[in-house]
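The values are calculated or read from the model by the stated rules, or taken from the named source; none is laboratory data. Everything numeric in this text was worked out from a predicted model, so none of it was measured. Cβ sites come from the backbone with ideal geometry, for glycine too, and all protein chains shown count toward neighbours.
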Amino acid sequence: MNILVYSSKSVYNTFSFGGAETSLKLIAEKFAETGHEVIYLTHFNPEKNDQTFEVVNGVGVYYFRPLKWPTPKGLFFPDLKHKFIRRQLLSFIAGIVKKNKIDLVHTYNEYPNTFDILEVKEKFNLEYKVVLRIAGLFWKIAVERNPELKPKISKVLNEVDAVNLLSESFLELFNQELEKGNWDFNNKIIIQDIGFNSTIFDGRWQLEKEKKLKLLMVARFSNYQKRQDILIEALSKTKNSNVHLTFIGSGETKERCVDLVDKLNLHERVKFIDEVTQEEIKKYYLEADINCLATEFEGVPKSLIEAMSMGVPGMVSDVLPLNGYIIEGENGFLVKNSADEWAAKIDEIAEDRDKLKHVSENSIVYVNKNFNPNENILLYTNNFLEIVNE
């Protein structure tokens, strides 16, 4: 197969990326490793490099760099500027598809990325198939913020050749949200995730019984999903005052969380760290006693799976689809999303840290069974070939 992976934001063009971008890069490189021709299209970022094309681990990476808008600083006629850049982008995508004889395009953003891919297909009369990866509820959030987007996103959900969801428990959440929002959806669904790059996360967590209990949360600060605020409030309620919490990440609610720490006088117990490399994240995982994820919903959180692969015990919100992965007290801990519940669970573990050892061992077994990218890419190959040959 000749495969194009497209995401305007990617690991290749920014230092700030999440699990979705990490997964798409891994999918691309695993397809290339197994003998397929793989192209990755992303957008140009002068802060990271000035290239328009390079080969990375067998993947040909194109960077879309639009011509400059011919007015001072691009300030005039913003609507025309947008149309000017969009026309360039669509032509650029079409050129890559034709040049590389693309059979299938894999995307992860419903609008505008996948919408653009479908428009290119129609406008230039091209024959490639399209698979949309959905790992969260951005499509729902986007429409809540701007109801005018619903027809466009609905068009994407129904006109792609398949929607790739990551797990059966996420499918349950996806269907619930479709029903709540009265979405008209009738399309092929693939249940499959790639896993994670196990060559990076090769350490082994060890149980420590020092007085301090160290909590970690690695996630963006998002006002529609992540709940760092619950963890901060929980810390103020724990009976054990020697519990410390580190956040790694950035985002729109970070300042609000910093203010909450100030308000609750938790400066000595809470630390905020911006973006770090994967090697540095591994170090923080292994130093933590518990890797926490307080959230309203999730796809397959890479920060959780990465840490579990090294045996780091996870404590997560009792929400879909996380409660489809985590079995309470076996391969992790589930907590209802309230500060009181989180505080009680943290105190429970602080009193009996031996519970962490059992969870640690089962975490490794669970991840090895379900998130091996070398095995999962073969399943992706079968799914994609079936779509291409339909």
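Out of Phe272, Phe221, I need the residue that is surrounded by 18 or more Cβ atoms within 10 Å (Cβ to Cβ) and not assigned by TED's automatic domain parsing to the domain that holds Ala28. Which one? I'd like the intermediate steps shown before the answer.
Details: Phe272 fails: surrounded by 18 or more Cβ atoms within 10 Å (Cβ to Cβ).
Residue meeting the stated conditions: Phe221.
Which ranges mark the strands (runs of 3 or more DSSP E) fully within the stretch 282-361 that have 1 or more residues being within 17 Å of Arg204 (Cβ to Cβ)? Spell out how you get there, then give the answer.
Values: elements: 290-293, 314-317, 333-335.
The qualifying strands (runs of 3 or more DSSP E) are 290-293, 314-317.
Return the residue satisfying two criteria in turn: it lies in the stretch 36-57 and is in contact with a strand residue (DSSP E or B) (Cβ under 7 Å, 6 or more places away or on another chain) and in a loop (DSSP other than H, G, I, E, B), and of such residues it is nearest to Lys101 (Cα to Cα).
By that ranking, first place goes to His36.
In the set Glu168, Glu122, which member is exposed (fewer than 14 other Cβ atoms within 10 Å of the Cβ), modelled with pLDDT under 95 and in the same structural domain as Ser7 (by TED's automatic domain parsing)? Before the answer, list the steps.
Values: Glu122 fails: modelled with pLDDT under 95.
Only one candidate passes the filter, namely Glu168.
Considering only the stretch 318-354, state which residues are crowded, with 18+ Cβ neighbours inside 10 Å and out of contact with any helix residue (DSSP H, G or I) (no Cβ under 9 Å at 6 or more places or on another chain).
Ala350
Going residue by residue through the stretch 67-86, is there one that turns out to be among the hydroxyl-bearing types (Ser, Thr, Tyr), surrounded by 16 or more Cβ atoms within 10 Å (Cβ to Cβ) and either farther than 20 Å from Lys25 by Cβ or at pLDDT 95 or above (or both)?
Going through the stretch 67-86, the residues among the hydroxyl-bearing types (Ser, Thr, Tyr) turn out to be 71.
In the following step, the residues that additionally are surrounded by 16 or more Cβ atoms within 10 Å (Cβ to Cβ) were identified as none.
Scanning the stretch 67-86, I find no residue that is among the hydroxyl-bearing types (Ser, Thr, Tyr), surrounded by 16 or more Cβ atoms within 10 Å (Cβ to Cβ) and either farther than 20 Å from Lys25 by Cβ or at pLDDT 95 or above (or both), so the answer is no.
In the list Gly332, Gly299, Gly324, which residue meets the criterion of being in contact (Cβ under 8 Å) with a residue 12 or more places away in the chain, under 30 Å from Asp103 (Cα atoms) and among the small types (Gly, Ala, Ser)?
On the way: Gly332 fails: under 30 Å from Asp103 (Cα atoms); Gly324 fails: under 30 Å from Asp103 (Cα atoms).
Just one listed residue meets the conditions, Gly299.
With the checklist (1) surrounded by fewer than 21 Cβ atoms within 10 Å (Cβ to Cβ); (2) outside the structural domain of Phe170 (by TED's automatic domain parsing); (3) farther than 19 Å from Ile248 by Cα; (4) without any contact (Cβ under 8 Å) to a residue 24 or more places away in the chain in hand, flag the one item Asn382 doesn't pass.
(2)
Mind checking whether some residue in the stretch 216-233 is β-branched (Val, Ile, Thr) and over 22 Å from Leu286 (Cα atoms)? Before you say what the answer is, go through the steps one by one.
Applying the first criterion (β-branched (Val, Ile, Thr)) to the stretch 216-233 yields 218, 230, 232.
From the residues that got through so far, the ones that are over 22 Å from Leu286 (Cα atoms) too are 230.
For the stretch 216-233, residues β-branched (Val, Ile, Thr) and over 22 Å from Leu286 (Cα atoms): present.
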